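Quick note: the coordinates plus some simple rules give every number you see, no bench work behind them. Computed from a prediction, not measured in an experiment: that's the story for all the values here. FYI the Cβ positions are ideal-geometry reconstructions off the backbone, even for glycines, and counts take in every protein chain you see.
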Amino acid sequence: MFSKIMHIRKIGLVLLVICFFTLLDGYASGGPDEKKKEEDPKKKELKDLMKKMDGWYKKSEERMGYYLLTDSDWEVFIKTGETVTNLADIMLKKFVPPDDKVYLKETKDMKKHAEDIVKSANERYVGAYEDIQYSFGRLRNTCKNCHNHLGIQIYTSLYPGEAPKEGKEGQ
């Protein structure tokens, strides 16, 4: 009987120590509220813009390679182009540093290629889909160049390690 009580006390002591260190670790790291306060509102806004842009980009990307397009496919291309154009305007006004010529050029190119997608999708002329594919490829390349310039790695699971810094030397 006495050994059972001692065994229960040992288990209780171990649980108490585990709880103590868990609380101590949470306190030392600042806790979840502290981490939320650290995020810069401007960075959060830019991250939200990029998520919105990426969502429409992926919707259009899913339709690349189709040759029997429906009206809704054309509408997705139009909405993607309009969204990227509008968000590029916001980026140019709020986020592009005036001294970063590469970022400025890539953002302007992104806007131009998005406008080209809208124009082709609205007019739906013979060859419009091929022009959309071309503009979409140019848009993709612009995104890649800008992300490389800023050292932002998108597909971390495909390319583990540090993102290339190739664009930083040319400033």
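Are any of the pairs Lys111/Lys144; Lys44/Lys119; Lys79/Lys108; Lys43/Lys101 more than 22 Å apart by Cα-Cα distance, and if so, which? Please list the in-between numbers first.
Details: Lys111/Lys144 14 Å; Lys44/Lys119 31 Å; Lys79/Lys108 19 Å; Lys43/Lys101 20 Å.
Violating the 22 Å Cα-Cα cut-off are Lys44/Lys119.
Could you give the nm distance between label points at Lys51 and Asn86, where each point is 7 Å from its Cα heading toward the beta carbon?
1.8
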